Amino acid sequence: MATEYALRMGDGKRVFLTKEKIMAEIEAGTANAADLGEIPTLSANEMDKLAEILTMPGKAVSVEQGMEIPVTHDIGTIRLDGDQGNSGVGIPSSRLVGCMMHERAFGADTMELGHIDYSFKPVKPVVSNECQAMEVCQQNMIIPLFYGAMPNMGLYYTPDGPFENPGDLMKLFKIDKAKESMEHAAEHLTRDTVWVMQKLFASGADGVNFDTTGAAGDGDMYGTLYAIQALRKEFPDMYIEAGMAGEMVLGMHGELEYDEVRLAGLWPHEQAPLIAKAGANVFGPVCNTNTSKTSAWNLARAVTFIKAAVEASPIPCHVNMGMGVGGIPMLETPPIDAVTRASKAMVEIAGVDGI
Amino acid sequence: MADTEGLLLEIADAVISCKKEKVIETVGKAKLKLPPEEIIEKGLSSGMNQVGTLFERGKLFLPHVMMAADAMTAGVKLLEEDLPAGTQEKKLGVIVNGTVEGDVHDIGKSIVSTMLQSSGFEVYDLGRDVPTRNFVEKAKEVNADMIGISALMTTTLQGQREVIELLKEEGLRGKVKVMVGGAPATQSWADKIGADCYAENASEAVAKAKELLL
């Protein structure tokens, strides 16, 4: 009987596969990414390396010495103090304590301050509070501390915002009105983000992290790219990181462009040059995990997409790794065997600059 | 034969390119040579299925999906009088869709609603943050064949189970199918709570709804 190796399904379930089956899954996963993104598949050597990582006997694995990379954190301190719906563990702690724990106990190379709502729009009425928190944290910390939030353009649509919900308009076949609504929302997103970050930068923020860019589709990415452009112009030395919401920019509008490139339907390797052009310092590519496929399939697919993004990107790529992205299963606390294997593969095969 | 096959291809292409006038013109020609059911299945629906695939691949976008659906509807309308009695304007099924209570995520669920509607289902989208009882009440009101329940957070995922439990309490579970979706939902979760299916994305939602309801 052939040796079987313990892997995971995309939903975290244990699965035992032979080496042959693992190779077949890797080939299918990389082929899927190559087909969708019109990018090269992994080479035979890279596929062998991936199989080797997946079948390593240890529960946790790590990168080879000398290949360590910086680790950046998002969602602020919510993973510690959040206790309802934000992947937090409910430890009562201030944001200052949370930031310092990341710096001094967890070994974070950079950290960010974030509000519990974690979107730019709701920060507007509490921006003074955020500025004060930023100043206090900066006075107590050494590592670069950014301000992080999601562009979250959905908050500009009814019932949360002033513009009609394009989803509702589309269903009524009011396509032009839906597009207008998205364009207005994108303008407001740019304006609000720039305003919030002007205040935070004045309070000592070392940078900004745009987390889950494009969550509301191409309009969301459009608004974010213009916000990055405006911030870069005003603050030439600021550190700007832009991470994506998903692997492909959803075409909710379909015609929005940046630098004469249509935003809808862009894959990670096509997103990277635009994020760089807008003025960001770091790009956070995403590849989604398919919960019905094996970790071999998912990881091969993710590494193929991210490798192409790294190659196409003029700026460093810090890949998004966590629940349901980067070849990691969709579990709130992802299993360490899957997380460490996916991380090792991203560094050693995809060549990412950070996580 | 080649002539009629060519016509069906032309209809499908016109749907994919969202050319409503072209759809009307080619369906007009086809109805002289082919039965209406074949024109719908192999021409109009075939085109619409390809639109769904192209949307998932990032080659076509939501406005195109809507325009293609509009073109397809115009084509079906033209064939209505030739359809057998009782089949005119017949929808593939009635589906109530919504995001569970406490969860304000809307976009993915809206795309699923749009794709189901475009594929010929009668869809009632209740929006987001929908109280459990509203799913069941709406299903009763519109005599729904299926309820689609979305959740984007692990903490709100339980809402999907609550809708299923309420359906059981109301004695409707045998009559109404349940589809679940959203980022933290998985096939094993669907199995665990007794849903009829789980869909990974909008195209899969359409395929699984057809599988269960047709």
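The requirement of being open to solvent by less than 10 Å² (accessible area, probe 1.4 Å) and either more than 14 Å from every other protein chain (Cβ to nearest Cβ) or touching a Pro at 6+ places or on another chain (Cβ under 6 Å) (or both) is satisfied by A:A309. Kindly indicate whether any position in segment A:12-19 is within 14 Å of another protein chain (Cβ to nearest Cβ), more than 23 Å from A:P268 (Cβ to Cβ), open to solvent by less than 20 Å² (accessible area, probe 1.4 Å) and not in a helix (DSSP H, G or I). Scanning segment A:12-19, I find at least one residue that is within 14 Å of another protein chain (Cβ to nearest Cβ), more than 23 Å from A:P268 (Cβ to Cβ), open to solvent by less than 20 Å² (accessible area, probe 1.4 Å) and not in a helix (DSSP H, G or I), so the answer is yes.
When segment A:23-44 is filtered for residues that are closer than 25 Å to B:A185 by Cα and either out of contact with any Gly (no Cβ under 8 Å at 6 or more places or on another chain) or surrounded by fewer than 16 Cβ atoms within 10 Å (Cβ to Cβ) (or both), the ones remaining, listed by number, are A:E25, A:I26, A:A28, A:G29, A:T30, A:N32, A:A33.
For segment A:68-84, the criterion of being surrounded by fewer than 18 Cβ atoms within 10 Å (Cβ to Cβ) and farther than 27 Å from A:V352 by Cα is satisfied by at least one residue. Could you tell me whether B:V123 is assigned to a strand (DSSP E or B), touching a residue at least 24 places away in the same chain (Cβ under 8 Å), within 10 Å of chain A (Cβ to nearest Cβ) and open to solvent by 20 Å² or more (accessible area, probe 1.4 Å)? So B:V123 fits the description; yes. Residues in segment A:239-254 that are open to solvent by less than 20 Å² (accessible area, probe 1.4 Å) and within 9 Å of another protein chain (Cβ to nearest Cβ): A:V249, A:G251, A:M252, A:H253, A:G254. Of all residues in segment A:159-178, those satisfying the criterion of being of a type in the set (A, V, I, L, M, F, W, C), part of a helix (DSSP H, G or I) and either open to solvent by 20 Å² or more (accessible area, probe 1.4 Å) or within 9 Å of chain B (Cβ to nearest Cβ) (or both) are A:M170, A:I175, A:A178. Name the residue that is least open to solvent (accessible area, probe 1.4 Å), counting only residues in segment A:179-204 that are of a type outside the set (D, E, K, R) and in contact with a Cys (Cβ under 9 Å, 6 or more places away or on another chain). The extreme case among them is A:L200.
Can you confirm whether A:H102 is open to solvent by 30 Å² or more (accessible area, probe 1.4 Å), without any contact (Cβ under 8 Å) to a residue 60 or more places away in the chain and out of contact with any Gly (no Cβ under 6 Å at 6 or more places or on another chain)?
no
Is segment B:26-40 home to any residue that is buried (at least 16 other Cβ atoms within 10 Å of the Cβ) and part of a loop (DSSP other than H, G, I, E, B)? Yes, some residue in segment B:26-40 is buried (at least 16 other Cβ atoms within 10 Å of the Cβ) and part of a loop (DSSP other than H, G, I, E, B). The residues in segment A:255-264 that are without any contact (Cβ under 8 Å) to a residue 40 or more places away in the chain and either assigned to a loop (DSSP other than H, G, I, E, B) or at the interface with chain B (Cβ under 7 Å from one of its Cβ atoms) (or both) can be counted, and the count is 2. Filter segment A:39-98 for residues that are within 14 Å of chain B (Cβ to nearest Cβ), under 22 Å from the mean Cα position of the chain (by Cα), modelled with pLDDT under 95 and assigned to a loop (DSSP other than H, G, I, E, B) and give the result. Residues satisfying the conditions are A:I75, A:G82, A:D83, A:Q84, A:G85, A:N86, A:S87, A:G88, A:V89.
Please work out if B:G181 is closer than 16 Å to A:G167 by Cβ and more than 12 Å from every other protein chain (Cβ to nearest Cβ). No.
The values are calculated or read from the model by the stated rules, or taken from the named source; none is laboratory data. Predicted, not measured: the structure shown is a model, and the values here were computed from it. Neighbour counts are summed over all protein chains in view; Cβ atoms, including those assigned to glycine, are modelled from backbone coordinates with ideal geometry. We work out accessible area using only protein heavy atoms, side chains counted, and drop any ligands, DNA or RNA first. Shrake-Rupley method; radii C 1.70, N 1.55, O 1.52, S 1.80 Å.
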